[in-house]
Amino acid sequence: MLRKLMLNSIGFILGFSVVFVTLGAIATEAGQLLARYKSLLAQVAGVVIILFGLHLTGVFKIKALYTDARLHSVKGGSTAGGAFLIGFAFAFGWTPCVGPILAVILTLSAAQDSVTKGIFLLAVYSMGLAVPFLLTSLGVGRFLKFYSRFRSHMHAVEVGSGVLLILLGALLVFGRFTIISNYLSFLNRFAL
């Protein structure tokens, strides 16, 4: 039973990962075509990211992010292949939950100099989404208990994420995004 549950969970994760990684590859390819307008696009992307941050903090709401596109006719059955199809469909209807963060990752992906880097960003994003699904499938009961306690903190997590997006957007608008890579390379020296 656990084996079947894990196979179905992995199929579901692979389904939404295919969608997100493909979006990353497309965003990177489009970004490369627009590379000569990189500084203007970075500023526009920064403004968009700031708007998403303001949305997450609750300053205002973007109603389009609350629309829900569900594919009720997709039947998954109880096989890993069916779970893959449901995960694939789920990725398209999940924008109210992941819209702002996914948009930021796609924006960063579009700014990459190779499709491989864009694919990598979205693969890491998909893995980050996969962890809760795998943990949930391993311990649904424990997860529900944890989530019922954690749910009261979700607004704080959203506001914190929104503030982070606003800061990242401001760095893009003012052409100071390299501060992050400089900081991370500074941390890397301590790790060695």
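The values are calculated or read from the model by the stated rules, or taken from the named source; none is laboratory data. In this text the structure is predicted, and so the values were computed from the model without any measurement. Every residue, glycine as well, gets a Cβ built from its backbone with ideal geometry; the counts of neighbours run over all protein chains shown.
Let's see how each residue does on (1) surrounded by 11 or more Cβ atoms within 10 Å (Cβ to Cβ); (2) touching a residue at least 12 places away in the same chain (Cβ under 8 Å); (3) part of a helix (DSSP H, G or I):
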residue: Gly128; (1), (2), (3): yes, no, yes
residue: Pro132; (1), (2), (3): yes, no, yes
residue: Arg142; (1), (2), (3): yes, no, yes
residue: Arg149; (1), (2), (3): no, no, yes
residue: Ser152; (1), (2), (3): no, no, yes
residue: Val157; (1), (2), (3): yes, no, yes
residue: Gly160; (1), (2), (3): yes, no, yes
residue: Leu165; (1), (2), (3): yes, yes, yes
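Report, by residue number, each residue of the range 1-41 that is touching a Gly at 6+ places or on another chain (Cβ under 7 Å) and either free of Cβ contacts under 8 Å to residues at least 12 places away in the same chain or closer than 30 Å to Gly160 by Cα (or both). Steps first, answer last, please.
Quick first cut of the range 1-41, residues touching a Gly at 6+ places or on another chain (Cβ under 7 Å) only: 11-16, 24-25, 27-28, 39.
Scanning the range 1-41 gives Phe12, Ile13, Leu14, Gly15, Phe16, Gly24, Ala25, Ala27, Thr28, Ser39.
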- [ ] Could you look through the range 23-54, keep only residues that are within 17 Å of Arg176 (Cα to Cα) and not hydrophobic (A, V, I, L, M, F, W, C), and pick out the one that is surrounded by the most Cβ atoms within 10 Å (Cβ to Cβ)?
- [x] Gly46
Open item on the list: Could you tell me how many of the residues in the range 100-119 are touching a residue at least 60 places away in the same chain (Cβ under 8 Å) and assigned to a helix (DSSP H, G or I)?
Closed with: 13
TODO: Just give me the residues in the range 1-38 being closer than 23 Å to Leu121 by Cβ and outside any helix (DSSP H, G or I), in sequence order.
DONE: Leu34
TODO: Name the residue, out of Thr116, Thr136, that is at pLDDT 75 or above and more than 21 Å from Val44 (Cα to Cα).
DONE: Thr116
Task: Only one of Ala156, Ala130 that is at pLDDT 80 or above, among the aliphatic types (A, V, I, L, M) and out of contact with any Phe, Trp or Tyr (no Cβ under 9 Å at 6 or more places or on another chain) - done: Ala156
- [ ] Test Gly53 against the stated conditions and say whether it is in contact with an Asp or Glu (Cβ under 8 Å, 6 or more places away or on another chain), at pLDDT 80 or above and under 24 Å from Gly162 (Cβ atoms).
- [x] no
